[in-house]
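The values are calculated or read from the model by the stated rules, or taken from the named source; none is laboratory data. From a predicted model like this one, the values you see are computed outputs, not experimental measurements. We place every Cβ from the backbone using ideal geometry, glycine too, and count neighbours over all the protein chains shown.
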Amino acid sequence: MENRDTIAALATAPGTGGIAIVRVSGKDAEKMLGRLFHPVREFESHKMYYGHAVYEGETLDECMAVLMRAPRSYTREDVVEFHLHGGEWAAQSLLSALFRMGVRAAEPGEFTRRAFLNGRIDLSRAEAVMALISAEGGRAARAAVRQLSGGVSAFIQDAQQQLLHLLSGVAAAIDYPEEISFEEAAGDLEAGARALAVQLENACDERGARIARTGLEVVLCGRPNVGKSSLLNALSRQQRAIVTDIPGTTRDIIRADVMLQGVRVHFADTAGLRDSEDGIEKIGVELARQAIAGADVVLTVLDASNPLTEEDRQLLRDTEGAPRIIVLNKGDLPQVLRPEDFENCVLVSAARGEGIQALEDKVIAYAAGAGESALTQERHMHLARQAARSLHLAADACARGEAVDMAAVDLHEALAALGRVTGEQVDEKMIDDIFSRFCVGK
């Protein structure tokens, strides 16, 4: 697809800042530089120049400018960037001048879309650009960098090569039946298709990808007055929850976000779990139970200075099958409960901040491997699983003794699914959908 018009947009975040960059891409980019940048000169590619942005005799700003001639640019078109002082007026004035001179306002993601359409990057790398921009933690950023560096492309290309090898085996069995028996061809195809399907399935870790992208959901639960609110405050290093000696103070879910070892952790303090006649507290208890059911990690908080109550025992039974850490709080008081009496337990004193680091280490262990699978984007995992299903169907056909050329239909469907990951087989509607999620200027 050929892009004939020239586009422009603000490439930095809008608002007050140290610098604002206006990016221009297309066949008239260099012409716009010559008309708007003073003093006029012969521009060398990839060299930064100092001057002024001037339109119709009015100086818009003192600035720097750089020309990047095709194909050595982000879009593989001629690209110009004006580096202006941060703020609304200078950048918007320059953009207005460009638009009056016939340049079109770029659509969301249009620069990266042109990079894809012009063959500079494949679709998976284009998506990595937005993933890196929106990454909220180190794990998500590292996963996006791997994808941007071609990690997904290399994995998919290897899978495609394995598929093509399987298809060549089918073709050989059809063309040379006197040399390759049906049983031999079917056996090789079944084994190869199963192995590749498992490889694709193992590359998909939806939970790990979600944790790297959006964070680890950790819920604090326990009966009233065991110190959950104090624990939340200690974990978040701020006064997020009200702490009193009155049981049942927390009625709603109180949240605090913390960055731990490159992973965003969402801590949620819930209402104390107990039977209550208070209508509002009943709602809080129900919300707490729902939060526990959807948590990645449950911190079951007990009072180390008191024997277990029936409510404590019931809570331990209710959370037994969950990914759970038992937290013995109030470790600064004489202990009745001890860590060795429980599995996966840590002793803390939320009031004094003791044992918090040990607890954080246990929490972050549940994020081990998050974002490190070969595929980390939902679209890519969906397509890989779709390809794996087609491979299993091909293997099933061989196991039933059907003709190997029938299994080839499923192999071609698997190949098409993998092609949609990198954009080799993709329609305009999908491209529109993917790039519509990008920000303007990227």
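Here are the numbers:
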{"item": "Listing of helices (runs of 4 or more DSSP H) fully contained in the range 52-143 that carry 1 or more residues being farther than 27 Å from D432 by Cα and out of contact with any Leu (no Cβ under 7 Å at 6 or more places or on another chain)", "result": "88-100"}
{"item": "Among residues of the range 147-163, those that are part of a helix (DSSP H, G or I) and free of Cβ contacts under 8 Å to residues at least 40 places away in the same chain, counted", "result": "5"}
{"item": "Residues located in the range 24-46, provided they are within 27 Å of G109 (Cα to Cα), in contact with a strand residue (DSSP E or B) (Cβ under 7 Å, 6 or more places away or on another chain) and either in a loop (DSSP other than H, G, I, E, B) or not β-branched (V, I, T) (or both)", "result": "S25, G26, A29, E30, M32, L33, L36, F37, S45, H46"}
{"item": "Odd one out for L232 among (1) aliphatic (A, V, I, L, M); (2) modelled with pLDDT under 90; (3) crowded, with 24+ Cβ neighbours inside 10 Å", "result": "(2)"}
{"item": "Candidates L36, L60, L67, filtered to the one that is in contact with an Asp or Glu (Cβ under 8 Å, 6 or more places away or on another chain) and either assigned by TED's automatic domain parsing to the domain that holds A13 or touching a residue at least 40 places away in the same chain (Cβ under 8 Å) (or both)", "result": "L67"}
{"item": "Criterion violated by A143 - all others in (1) of a type in the set (A, V, I, L, M, F, W, C); (2) more than 30 Å from A365 (Cβ to Cβ); (3) under 16 Å from the mean Cα position of the chain (by Cα) satisfied", "result": "(2)"}
{"item": "Test: residue in the range 176-186 that is at pLDDT below 90 and of a type in the set (S, T, N, Q)", "result": "yes"}
{"item": "Counted residues, the range 61-95 - those being crowded, with 17+ Cβ neighbours inside 10 Å and charged (D, E, K, R)", "result": "5"}
{"item": "Pair list, Cβ < 6 Å and 6+ apart or interchain, from the range 290-317 residues that are on the phi < 0 side of the Ramachandran plot to residues that are of a type in the set (D, E)", "result": "A295/E217; D296/E217; L302/D312"}
